[in-house]
Structures are given as structure tokens and as C-alpha cells.
1. With respect to residue 29, determine if the residue is more than 30 Å from residue 158 (Cα to Cα), outside any strand (DSSP E or B), more than 15 Å from the chain's Cα centre (by Cα) and touching a residue at least 24 places away in the same chain (Cβ under 8 Å).
2. Take the residues in region 152-199 that are outside any helix (DSSP H, G or I) and either touching a strand residue (DSSP E or B) at 6+ places or on another chain (Cβ under 9 Å) or in contact (Cβ under 8 Å) with a residue 12 or more places away in the chain (or both), then tell me which one is surrounded by the fewest Cβ atoms within 10 Å (Cβ to Cβ).
3. Looking at (1) touching a strand residue (DSSP E or B) at 6+ places or on another chain (Cβ under 8 Å); (2) part of a helix (DSSP H, G or I), which is the only condition residue 56 fails?
4. Somewhere in region 37-52, is a residue under 21 Å from residue 123 (Cα atoms) and part of a helix (DSSP H, G or I)?
5. Can you pull out every residue in region 200-209 that is crowded, with 18+ Cβ neighbours inside 10 Å and free of Cβ contacts under 8 Å to residues at least 60 places away in the same chain?
6. Among 16, 85, which is the only one that is loosely packed, with under 14 Cβ neighbours inside 10 Å and modelled with pLDDT of 90 or more?
């Protein structure tokens, strides 16, 4: 994977901006919001540095995975999908960090809504590219059954990609529903595709095994 100069620049500028803004940040910065969008937990100011380093860590992880994966040659077959997911994920992390700092400085922002919308977009983007991901050990839907069969991997990713996109769209609507009902619907949209992917991969592998054994 080639170095993404745009992402590196964004990460670098974010780190520099954090160091410049650090002296004016309050001693405690908000780091958690409840389902009503109210801050319910704070962390020491030095956590701002940690948050600023997380996108760099994530970029390093994405850069490293294709190099250490036993099936690293597979990554060359879905480079575009891999890089697009990396781009949207890291930009989302940077935006959340900036929003957190602004709230710490007294700016009123609906950060819970922004986070929900961002995660919804992540789901839509990931689902859009998931069907292109080839078998590997570090990226994608890695269940015992997808890792055991390339055919199961391909079918699971193709089916799950549609479900994740639909879930992402539904999450966008649920993001605007407040309270416990909205959060419950939102979480359901997250976990249903995950549970389905696991169950579907097991079902496909079971059918494949029975077919090989001559069991109808």
C-alpha cells in the first residue's frame, strides 16, 4: 500500500493543532456522552494528546496489516476498497477529535448526533466495498468458517455487504430518534448484520461440508 499523502498531512496537522491548542484546553475534557447527548464523563487534559495520536496509530495499523498477513497477495486485489475504508475511518476519527476539543472549549455541538451520523456513513461505505474483499486473515468478516473456505468467504461478504449498506441507511434515520428507543434501534442496526454474518457463514460452511460428504 502506497503512503496516502493526504491522510498523513491531515494526521500531522491534527497533531500540530492539538499541541498548539493544548495550553488553552481545560484541565478536564469531555470523553463520553450518554444517550441523551449529555457529557457524563471527563478525562485529564493529557488525554487530548492520546486522542490526537489515535488516527496515526490506526493509519499505521492499516499500513502494517497487508505486510504481515499470511495472504498478503490478496490485498492487491482489493486495494481500492481497503484504502477507501481506511480513509473514511481515519477522517471520522479526526472529526470526532476536533468536535471533542470544541466542546471542551465551550462550543455547544450535538456530538452524539454527529457520531451516529458518522458511524452510519462508515457502515454504508464499508458495506459498499465489503463484497470486493478477498480472503485474508486481518481484514473483513473473519469467522472460523469464512477463513476455512474461500467460497464461504466470498458468498458471506457479498450477502453481508448489502445488509450492512441497508443497516447504514436505517442507522441514519435512527440517529435522529432520541432517547432509549432511538439508541435501541440504532444498536440493533449495528448488531443484526454482525450476528447475521456469523450465522450465514456457518450455514454456508455446513451446506458445503454436507455436499462434500454426499449428505442432502
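The values are calculated or read from the model by the stated rules, or taken from the named source; none is laboratory data. In this text the structure is predicted, and so the values were computed from the model without any measurement. Note that we place each Cβ from the backbone using ideal geometry, even for glycine, and neighbour counts take in every protein chain shown.
1. no
2. Applying the filter and picking the extreme gives 176.
3. Among (1) touching a strand residue (DSSP E or B) at 6+ places or on another chain (Cβ under 8 Å); (2) part of a helix (DSSP H, G or I), the lone unmet condition for residue 56 is (1).
4. Within region 37-52 (the criterion being under 21 Å from residue 123 (Cα atoms) and part of a helix (DSSP H, G or I)), the answer is no, since none of the residues qualifies.
5. Here is the first cut: in region 200-209, the ones crowded, with 18+ Cβ neighbours inside 10 Å are 200-201, 204-205.
Hits for region 200-209 are 200, 204.
6. Residue meeting the stated conditions: 16.
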